Amino acid sequence: MARKPIDIWLGEEFDQLARKGTAPVTNSWEPSCETRYGFVGLFATASIQESDVGDENETLEALRDSYVCNIRREQSAVEVRIQMRFPQVYMEIDRVRTEGELRLSVFWPLLAVIALLAVQWSPWIASLVSIPTWLMLDGFQRLRDAEEKTWIPVIAGEVTTPMMDSIKRAEDNPPSDFMETFYQDVPWGRSPIPSN
């Protein structure tokens, strides 16, 4: 399956951060201390080799996947930002999404009507099954198009996501060592990193 343009772009953004020596840590990455609230800080890429979180490549891949997934989850926030800054773009995204949802909502009732008519009148009517099938496929395609249109302003740098804003703030004021900084005061009772 081909990767979506936003996934490729986000992976490249992550790689740039990692090359600078910091990688975003998000709550779905297990070694990120089971944090609860999305983006939590930057992890010094140089310290990955010295830490006991596993192989450097595996760690960076886990961080990259977590980063992409968590940014993608912010699609609704991106849509609100687009709606505020670029209402015409948002109207186009909403139109395409609505058309897709309409086509999908018509699929089952139309299929049921065709089946009923085929049973009641003529089996030849069953050949019309291609119409709801086409509507379903076109509906899914329109939903994918709406999603892609949502991410274009992010890729163009016109809109950011809340997590990207947090990462920018953390870059401007980074913790010296994320794991050490995070474990100093854990509000939900997690014990500090055990000393060797």
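Bear in mind that the values in this text are calculations on the coordinates, not laboratory data. From a predicted model like this one, the values you see are computed outputs, not experimental measurements. We place every Cβ from the backbone using ideal geometry, glycine too, and count neighbours over all the protein chains shown.
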Task: Pair Gln141, Ala115: separation of 7 Å Cα→Cβ label points (nm) - done: 2.6 nm
Open item on the list: Quick one: 3J(HN,Hα) in Hz for the range 165-171, Karplus 6.51/-1.76/1.60 with θ = phi - 60°, rounded, Gly and Pro as x.
Closed with: 5, 5, 5, 4, 5, 5, 5
- [ ] Calculate, in whole percent, how much of the Cα-Cα pair population of the range 79-155 lies beyond 15 Å.
- [x] 61 percent
- [ ] Go through the range 68-148 and name the chymotrypsin sites (Phe, Trp or Tyr not before Pro) that are in a DSSP coil and have 14 or fewer other Cβ atoms within 10 Å of their Cβ.
- [x] Trp121
- [ ] Could you pull out every one of the lysines with an alpha carbon less than 20 Å from that of Lys168, ignoring same-chain neighbours closer than 8 positions?
- [x] Lys20
Open item on the list: At R0 = 25 Å, how high is the FRET efficiency between Glu12 and Cys69 if r is their beta carbon distance? Nearest 0.05 is fine.
Closed with: 0.95
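Between Lys168 and Trp134, what FRET efficiency comes out of the Förster formula 1/(1 + (r/R0)^6) with R0 = 41 Å and r the beta carbon distance, rounded to 0.05?
Working: r = 45 Å, r/R0 = 1.09.
E between Trp134 and Lys168, to the nearest 0.05, is 0.40.
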Task: Hits among lysines - C-alpha to C-alpha of Lys4 under 18 Å, sequence gap 8 or more where chains match - done: Lys149
